[in-house]
Amino acid sequence: MKERPNILIVDDIASNLIYLKIILKGIDANLIEAESGYEALEKIKGLDLSLAILDVQMAGMNGYELAIRINENRTSNSVPIIFLTAAFPNSDQILIGYESGAVDYIIKPLNRKVLISKVNIFLQLYLQKQVIVESREELLRSEIEIQKHKDQLELLNHHLINAREDERAAIALMIHDEMGQALTALKIDLGLIRQHISGNEAMEKMEKMVQTTNEIIRKVQRISSELHPKLLTDLGLSEATEWYCSEQADRTGLQFVMDLDNMMNVDFNRDLAMFRILQEAVTNIIRHAHASIVHITLQSSETETYMEICDNGIGFDPEIARNSTSLGLFGMIERARQCKGTLTFENNHPSGTIIRVSLPHKNQ
């Protein structure tokens with residue numbers, strides 16, 4: 001429930017104050033009455049005033065002085081003042097009144113309809129102002145709540161990315177240790193069997209089995225490396241990028257042209273983010289771009305690591321990329337954002353797409 005607005009009425013003549021109260025009786029507001037400026041200042045301490053109706057000529061502290069005192073600490077929320085005066089003020093008095101906060105003058109004897117009409121106008125303005133203030137406060141609360149949820153989502157995304165990397169590392173280790181060892185043992189057993197069999201047909205079948213086993217071992221090694229690139233840990237981003245592009249070239253026939261700075265592994269998390277962005281970008285090129293050549297540029301400065309991935313495919317609308325619901329594209333953007341970096345998509349004229357990634361170093 002909204003609080004009723006407060007109206008201050010001040011006149012040092014008791015009969016005039018009573019008359020004011022009678023006129024304003026039907027106004028939906030709290031009337032705070034005082035017979036002097038000093039009494040008024042005491043009564044309004046800590047109160048939010050919507051309007052003040054002040055007699056100009058009062059003993060001790062006149063209406064102009066009281067108006068100044070009322071508004072001296074209300075720079076952003078001044079109280080509108082209606083001055084009551086027995087004689088029409090001259091230009092100097094009008095100027096003093098407006099400088100002290102006046103919004104209107106009313107000449108005595110008071111016209112009831114005029115006073116009520118003007119008071120109602122100021123009350124409506126006050127209530128509209130309150131609605132705006134409340135709307136602003138509600139908007140601020142909503143923004144705070146949205147930011148809170150955004151921070152929680154960012155924390156969740158960060159946790160999910162880390163959890164996925166941990167899971168990939170665990171799967172890669174399991175594939176390498178269990179499947180790799182089992183396949184190696186199978187290869188050794190096949191080699192022993194091959195030494196004790198005869199007949200061309202049996203030998204041919206055995207050779208095919210050995211070749212198939214070798215191919216499976218290579219695939220297991222590749223899958224394990226893509227899940228958790230040991231080269232990235234041991235030799236850094238440049239070597240891991242060169243290895244990955246070479247693997248994709250052998251597997252798909254896609255031609256990679258690389259310009260890679262030789263970089264030391266100084267920030268594994270940043271390098272891992274860049275490597276995952278590269279993986280997703282190349283995967284999208286292979287699946288959708290119909291490209292034949294991909295140019296990879298990798299550079300490092302004192303402040304950032306920069307990668308550019310450019311293909312000669314059919315291209316796509318960058319706006320669609322920015323608003324895409326694709327988990328792959330979202331993952332690329334999210335990894336760059338978590339590293340406080342930038343990722344952009346552009347059409348590459350005359351054909352293809354350019355992806356630019358910039359990740360700042362930790363000390364920046």
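Looking at segment 62-77, which of its residues are surrounded by 15 or more Cβ atoms within 10 Å (Cβ to Cβ) and of a type in the set (Gly, Ala, Ser)?
Passing the criteria: Gly63, Ala67.
To keep it simple, each residue is scored yes or no on (1) part of a helix (DSSP H, G or I); (2) in the same structural domain as Ile53 (by TED's automatic domain parsing); (3) basic (Lys, Arg).
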{"position": "Tyr98", "(1), (2), (3)": "yes, yes, no"}
{"position": "Ile121", "(1), (2), (3)": "yes, no, no"}
{"position": "Leu125", "(1), (2), (3)": "yes, no, no"}
{"position": "Lys129", "(1), (2), (3)": "yes, no, yes"}
{"position": "Ile132", "(1), (2), (3)": "yes, no, no"}
{"position": "Glu138", "(1), (2), (3)": "yes, no, no"}
{"position": "Ile146", "(1), (2), (3)": "yes, no, no"}
{"position": "His149", "(1), (2), (3)": "yes, no, no"}
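Does Arg4 qualify as being in contact with a Gly (Cβ under 8 Å, 6 or more places away or on another chain), of a type outside the set (A, V, I, L, M) and farther than 19 Å from Arg112 by Cα?
no
Are any of the residues in segment 81-103 at pLDDT below 85, in contact with a helix residue (DSSP H, G or I) (Cβ under 8 Å, 6 or more places away or on another chain) and on the phi > 0 side of the Ramachandran plot?
Taking every residue of segment 81-103 in turn, at least one turns out to be at pLDDT below 85, in contact with a helix residue (DSSP H, G or I) (Cβ under 8 Å, 6 or more places away or on another chain) and on the phi > 0 side of the Ramachandran plot.
Do we find a residue being at pLDDT 85 or above and either touching a Cys at 6+ places or on another chain (Cβ under 9 Å) or assigned by TED's automatic domain parsing to the domain that holds Glu346 (or both) anywhere in segment 317-326?
Taking every residue of segment 317-326 in turn, none turns out to be at pLDDT 85 or above and either touching a Cys at 6+ places or on another chain (Cβ under 9 Å) or assigned by TED's automatic domain parsing to the domain that holds Glu346 (or both).
Which of the residues belonging to segment 265-281 are closer than 18 Å to Leu231 by Cα and hydrophobic (A, V, I, L, M, F, W, C)?
Passing the criteria: Val266, Phe268, Leu272, Ala273, Met274, Phe275, Ile277, Leu278.
Is it the case, given these coordinates, that Ala59 is closer than 18 Å to Asn16 by Cβ, modelled with pLDDT under 80 and surrounded by fewer than 19 Cβ atoms within 10 Å (Cβ to Cβ)?
no
Looking at Ala291, is it of a type in the set (Gly, Ala, Ser), at pLDDT 85 or above and part of a helix (DSSP H, G or I)?
no
For segment 245-260, state whether one or more residues are hydrophobic (A, V, I, L, M, F, W, C) and either at pLDDT below 80 or in contact with a His (Cβ under 6 Å, 6 or more places away or on another chain) (or both).
Yes, segment 245-260 has at least one match.
Return the residues of segment 228-240 that are touching a helix residue (DSSP H, G or I) at 6+ places or on another chain (Cβ under 6 Å) and in a helix (DSSP H, G or I); say none if nothing qualifies.
Leu231, Leu232, Leu237, Glu239, Ala240
Okay, residues lined up against (1) within 19 Å of Lys21 (Cα to Cα); (2) in contact with an Asp or Glu (Cβ under 8 Å, 6 or more places away or on another chain):
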| site | (1), (2) |
| --- | --- |
| Asp48 | no, no |
| Gly63 | yes, yes |
| Asn71 | no, no |
| Tyr98 | no, no |
| Phe122 | yes, no |
| Val131 | no, no |
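So, of the residues in segment 1-54 that are polar (S, T, N, Q) and more than 45 Å from the chain's Cα centre (by Cα), which turns out to be nearest to Tyr105 (Cα to Cα)?
Restricting attention to segment 1-54, the residues satisfying the condition of being polar (S, T, N, Q) are 6, 15-16, 30, 36, 50.
Adding the requirement that they be more than 45 Å from the chain's Cα centre (by Cα) leaves 15-16, 36.
On the way: Ser15: 20, Asn16: 16, Ser36: 19 Å.
The selected residue is Asn16.
Quick test of your reading of the structure: Thr184 fulfils all but one of (1) under 30 Å from Met307 (Cα atoms); (2) among the polar types (S, T, N, Q); (3) at pLDDT 70 or above. Name the failing condition by number.
Just one mismatch for Thr184, condition (1).
Looking only at segment 335-360, which residues are surrounded by fewer than 19 Cβ atoms within 10 Å (Cβ to Cβ) and touching a helix residue (DSSP H, G or I) at 6+ places or on another chain (Cβ under 7 Å)?
Gln338, Thr342, Glu346, Asn347
Report, ordered by the first and then the second residue, all pairs with beta carbons closer than 8 Å, sequence separation of six or more or different chains, a first member in segment 288-315 that is closer than 16 Å to Thr344 by Cα, and a second member that is of a type in the set (Gly, Ala, Ser) and part of a loop (DSSP other than H, G, I, E, B).
So the pair list comes out as Glu304/Gly341; Cys310/Gly352; Asp311/Ala291; Asp311/Gly352; Gly315/Ser351; Gly315/Gly352.
The values are calculated or read from the model by the stated rules, or taken from the named source; none is laboratory data. Quantities reported herein were computed from a predicted structural model and do not represent experimental measurements. Please note: Cβ atoms are built from the backbone with ideal geometry, for glycine as well, and neighbour counts cover all protein chains shown.
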